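The values are calculated or read from the model by the stated rules, or taken from the named source; none is laboratory data. A quick note: this is a predicted structure, and the numbers were derived from the prediction, not measured. Methodologically, a virtual Cβ is constructed for each residue, glycine included, from the backbone with ideal geometry; neighbour enumeration extends over all protein chains shown.
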Amino acid sequence: MKRPITLKINGQRHDVLVEPSATLLEAVRDQAGLMGAKEGCGTGDCGACSMIVDGRLVTSCLMLAVEAEGSDITTIEGLARDGQLHPLQQAFIDLGAVQCGYCIPGMILAGKALLDANPNPAPDEIRRAIAGNLCRCTGYTKIVEAIAAAATQLQGATP
Amino acid sequence: MKRFDYAAPASLREAIDTLRQRADGVRLLAGGTDLLPQIKEGGLWPSHVVSLRRVPELRGISFDPSTGLRVGAAELLSDVAAHEVVSRHYQALAEGAGIVGSVQTRNMGTIGGNVCNAAPSADTAPPLLVFDAAVVIASRDGERQLPLSEFFLGPGRTALAPGEIAVALELPPPAERSGSVYQRHTPRKIMDIAVVGVACRLVLAPDESMAEARIALGAVAPTSIRCPDAEALLQGRAPSVALFEQAADAAREASSPITDVRGSAEFRRELVRVMTARCLAIAAERARLLSERTCR
């Protein structure tokens, strides 16, 4: 039976009605209408559905929506501020790290979770941080470069 | 996903009651990284899912030099891997917990889930075995403790009876001069499942002989296993490359791998030999290094 829950997504409260078996990904896309997170594999292998829940990067296809009640949920839609893209988003554009785009919301959130914990990561640390996010277009090099560039910018230096 | 009923008890007592009332078709949910794929794709269809997320008794990592380490079953793999005491005194466990899946997997998956899912390739199992870990199990009748070596019964099967919940893992205190390591072989560096996993722990006596030796293997038998014959070869003797090679041969004999998509049985047996010798050398080196610095 469906139950009413309140999800706090990007600082906003969303009252939604979900089956207990509904995933957080389904609730965010189908109920809250935020389409940034994607479903790729549905089994936690590809990372396209990645969100940040209470400061931790998770695959929202493996989290029940009811389990996320009371948590702070960040999706890709929550990164831009006052029409200004987040430095990670801008770096992905500037450095050509985006091709088809399907993995990018998850990839950028993986980058954000990394930089929140480790503001100055080595290339190998970046690669480990995005190991759960598959991209079938780019070969990852430009993605790693974009995260590194965003790290530099966030630290206040010139990229 | 297939529909099921859901409960999120707020205490261990309530969780045990909920589990008992819904005995048939009930599954416990911890991190969900194993359970949800099984429901989505593995043919599992529980009528009820009982979430352990809000059960405080399953949380916490505590250490006491006289009693050892207690890790709540619902502690996240990422927190176990990053814990200072675990990294310092239970290094093989930090390495095992730190290599499961991806960042996302470790931020959701729990140590209790990794153990209770009982995959032969579980990365925390060989490390926990070399530390002589025990599983604390709760039921309506109270608590019991079972050595982890008796907990695994087969792939996906454990000694947990219906109505029982794994509450914590308890590891004895670290010895003064000890070193441990976990390594696994995978075609990919990360986000893969062990073809072979090897954990070793050595304790050095003041005369440099090995006061204690532990070797455990993953992914080469129906469960993670200890290698008592290989351990006995090391006990009381001085570490040497030749002796480690002998023990590695014995570990190879203790393994009974299958051929599957990840590797042939023959390849796995050879990996056991090579990796055991390597891990024993690393454990010995770490025991020496740790004894040069002050322990604790």
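All but one of (1) among the hydrophobic types (A, V, I, L, M, F, W, C); (2) within 11 Å of chain B (Cβ to nearest Cβ); (3) touching a Ser or Thr at 6+ places or on another chain (Cβ under 8 Å) hold for A:A129, so report the exception by its number.
(3)
Quick one: is B:I258 surrounded by 14 or more Cβ atoms within 10 Å (Cβ to Cβ) and not in a helix (DSSP H, G or I)?
So B:I258 passes the test.
Any residue in the stretch B:114-137 that is touching a residue at least 12 places away in the same chain (Cβ under 8 Å), surrounded by fewer than 22 Cβ atoms within 10 Å (Cβ to Cβ) and within 14 Å of chain A (Cβ to nearest Cβ)?
Taking every residue of the stretch B:114-137 in turn, at least one turns out to be touching a residue at least 12 places away in the same chain (Cβ under 8 Å), surrounded by fewer than 22 Cβ atoms within 10 Å (Cβ to Cβ) and within 14 Å of chain A (Cβ to nearest Cβ).
Yes or no, residue by residue, for (1) in contact (Cβ under 8 Å) with a residue 24 or more places away in the chain; (2) of a type in the set (F, W, Y); (3) under 24 Å from B:A125 (Cα atoms):
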{"site": "B:Q21", "(1), (2), (3)": "no, no, no"}
{"site": "B:L28", "(1), (2), (3)": "yes, no, yes"}
{"site": "B:T33", "(1), (2), (3)": "yes, no, yes"}
{"site": "B:P46", "(1), (2), (3)": "yes, no, no"}
{"site": "B:I61", "(1), (2), (3)": "yes, no, yes"}
{"site": "B:S78", "(1), (2), (3)": "yes, no, yes"}
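Assuming B:I190 fulfils every condition listed in (1) surrounded by fewer than 24 Cβ atoms within 10 Å (Cβ to Cβ); (2) among the β-branched types (V, I, T); (3) modelled with pLDDT of 95 or more apart from one, which condition is it?
Here B:I190 meets the rest and fails (3).
Conditions: (1) without any contact (Cβ under 8 Å) to a residue 12 or more places away in the chain; (2) crowded, with 24+ Cβ neighbours inside 10 Å; (3) not small (G, A, S). A:P105 meets all but one. Number of the miss?
It fails just one condition, (1).
Go through the residues of the stretch A:106-119 one by one and say whether even a single one is within 13 Å of chain B (Cβ to nearest Cβ) and not in a helix (DSSP H, G or I).
yes
What's the total number of residues in the stretch A:1-28 that are surrounded by 15 or more Cβ atoms within 10 Å (Cβ to Cβ) and under 26 Å from B:G43 (Cβ atoms)?
The total comes to 10.
Residues B:P206, B:P222, B:P174: which one is under 22 Å from B:V85 (Cα atoms) and assigned to a loop (DSSP other than H, G, I, E, B)?
Every option except B:P174 fails the conditions.
For B:K189, work out the one condition from (1) among the basic types (K, R); (2) more than 30 Å from A:L134 (Cβ to Cβ); (3) over 13 Å from the mean Cα position of the chain (by Cα) it doesn't fulfil.
(2) is the only condition that B:K189 fails.
Go through the stretch A:80-105 and give me each residue that's within 20 Å of B:V103 (Cα to Cα), away from chain B (no Cβ under 14 Å) and in a loop (DSSP other than H, G, I, E, B).
A:Y102
Of everything in the stretch B:87-99 that's surrounded by fewer than 24 Cβ atoms within 10 Å (Cβ to Cβ) and in contact with a helix residue (DSSP H, G or I) (Cβ under 6 Å, 6 or more places away or on another chain), which residue is nearest to the other protein chains (Cβ to nearest Cβ)?
Of everything passing the filter in the stretch B:87-99, B:G98 is nearest to the other protein chains (Cβ to nearest Cβ).
Can A:G36 be described as more than 19 Å from B:G42 (Cβ to Cβ) and either in contact (Cβ under 8 Å) with a residue 12 or more places away in the chain or not aliphatic (A, V, I, L, M) (or both)?
yes
Can you tell me which condition A:G42 does not meet? The list is (1) within 14 Å of chain B (Cβ to nearest Cβ); (2) within 13 Å of the chain's Cα centre (by Cα); (3) of a type in the set (G, A, S), and all the others hold.
Only one criterion is unmet by A:G42, namely (2).
For the structure I just gave you, tell me whether B:A168 is among the aliphatic types (A, V, I, L, M) and assigned to a loop (DSSP other than H, G, I, E, B).
no
Go through the stretch B:1-69 and tell me which strands (runs of 3 or more DSSP E), entirely inside it, have 1 or more residues that are among the β-branched types (V, I, T) and within 14 Å of chain A (Cβ to nearest Cβ).
The qualifying strands (runs of 3 or more DSSP E) are B:26-29, B:48-51.
Looking at A:A117, is it surrounded by 19 or more Cβ atoms within 10 Å (Cβ to Cβ) and of a type in the set (G, A, S)?
no
For the stretch A:61-79, indicate whether the set of residues that are surrounded by 22 or more Cβ atoms within 10 Å (Cβ to Cβ) and over 26 Å from B:T110 (Cβ atoms) is non-empty.
yes
Only one of A:L25, A:L134, A:L34 is within 14 Å of another protein chain (Cβ to nearest Cβ) and not in a helix (DSSP H, G or I). Can you tell me which?
Selected residue: A:L134, the only one of A:L25, A:L134, A:L34 that is within 14 Å of another protein chain (Cβ to nearest Cβ) and not in a helix (DSSP H, G or I).
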